[in-house]
2 protein chains.
Amino acid sequence: MANSQFAMAVHVLTMLARNCDGRVKSGYLAKSVNTNAVVIRRLLCDLHEAGLVVSRTGYSGGTCLTKDPEEINLLDVYRAVSHGEVFSLHRQKPDQDCPVGRNIESVLCNLQKEIDSAVEERLGTYTLDDIITLVNKGREVPV
Amino acid sequence: MANSQFAMAVHVLTMLARNCDGRVKSGYLAKSVNTNAVVIRRLLCDLHEAGLVVSRTGYSGGTCLTKDPEEINLLDVYRAVSHGEVFSLHRQKPDQDCPVGRNIESVLCNLQKEIDSAVEERLGTYTLDDIITLVNKGREVPV
DNA sequence: ATAAGTGTAACAAGGATAGTTACAGAACGT
DNA sequence: ACGTTCTGTAACTATCCTTGTTACACTTAT
């Protein structure tokens, strides 16, 4: 099943940034994302571990950002909710008696790291503030 | 479950390149990759649709490359076996009555395209020949 | 004719993601 | 003190994706 946590995370953080005056309830976020409040709370838990949000329980509880939107990088968001691997390596260890099988893993592993770096570099060029600006304008990401 | 088709594809193509004199059987490839021959044949089917390999049925059948390794780009391989999306968009359409929900999809869609492009650009800098060289040397992908 | 292959369908197994309900505990108002 | 409104989290289910496996029709060379 496709992992849409990064998309939900950006959505949720955008909502929080626009309601920076107070705490936002998971139910309110869930309505906008069109999912269950528990799914949102699980996501917020990851974002909290990454230091991006803080929540309060109880009456008048809810969640808010810990930083200004221009200080939240999309790379931080990506790392908070993703395993960060564009492609996966072999499930089973290749045949070590085969010259290719013996060496292909390390080659692919380094290639994997390089491709993942390319993703992170590009994500790192955006902040949450950029997303908010685009959402406010109802426009799209410029290429 | 993690998708390791790209890794298997690179592995298989490397094997084919090293046995360029004849046709290689799926069972032989499966042994090196350490999986079932049918898994390999399914993979070869995708690679065939991408024009990278050709197979022959029957006695003395098997598969071989259609191009020289230096003419096979890893981007071609990636496209042959992947849907090419680093992250997924919302499963459910966000709430269109919410200003964020109404606009976030197109913003994320364009961001997705840009991140995917970054992956493709980087993959495009390698050919199968580069992989073969690295495997032969038993070394790793230089950064 | 026989043996050795591919192509492909059908099904099972395993794992990841998301959806749902339920409930304990925290915080605030009265 | 008590009830209300939240979060945090466990437990369970549903669904989908990937892989593994068996089976078999069809193709090709000897």
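Summary of values
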item: Boolean, A:Ala118 is within 16 Å of DNA strand D (Cβ to nearest atom) and either at pLDDT below 95 or within 22 Å of the chain's Cα centre (by Cα) (or both); result: no
item: Tally, over the stretch B:32-63, of residues that are over 25 Å from B:Asn73 (Cβ atoms) and more than 10 Å from DNA strand C (Cβ to nearest atom); result: 1
item: Residue in the stretch A:74-84 that is farther than 30 Å from B:Pro99 by Cα and β-branched (Val, Ile, Thr) present; result: no
item: Tabulated pairs, the stretch B:1-25, first within 7 Å of chain A (Cβ to nearest Cβ), second open to solvent by 50 Å² or more (accessible area, probe 1.4 Å) and of a type in the set (D, E, K, R), C-beta under 8 angstrom, 6+ apart or interchain; result: B:Ala2/A:Glu85; B:Ala2/A:Arg91; B:Ser4/A:Arg91
item: Enumeration of residues in the stretch A:14-34 that are more than 21 Å from A:Asp129 (Cβ to Cβ) and open to solvent by 50 Å² or more (accessible area, probe 1.4 Å); result: A:Lys25, A:Tyr28, A:Lys31, A:Asn34
item: Any hit, the stretch A:86-93, residues being touching a residue at least 12 places away in the same chain (Cβ under 8 Å), in contact with a His (Cβ under 7 Å, 6 or more places away or on another chain), of a type outside the set (Ser, Thr, Tyr) and within 9 Å of DNA strand D (Cβ to nearest atom); result: no
item: Subset of the stretch B:1-31 that is away from DNA strand C (no atom under 15 Å from the Cβ) and not in a helix (DSSP H, G or I) - its residue that is farthest from B:Gly51 (Cα to Cα); result: B:Asp21
item: Test for A:His11: is it away from DNA strand D (no atom under 14 Å from the Cβ), surrounded by 15 or more Cβ atoms within 10 Å (Cβ to Cβ) and more than 30 Å from B:Val33 (Cβ to Cβ); result: yes
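The values are calculated or read from the model by the stated rules, or taken from the named source; none is laboratory data. Here the structure is a predicted model, which is why all the values come from computation and not from measurement. In this analysis, Cβ positions are derived from the backbone assuming ideal geometry, glycine residues included, and neighbour counts consider all displayed protein chains. These accessible areas exclude ligands, DNA and RNA; they are computed on the full protein's heavy atoms, side chains included. Shrake-Rupley method; radii C 1.70, N 1.55, O 1.52, S 1.80 Å.
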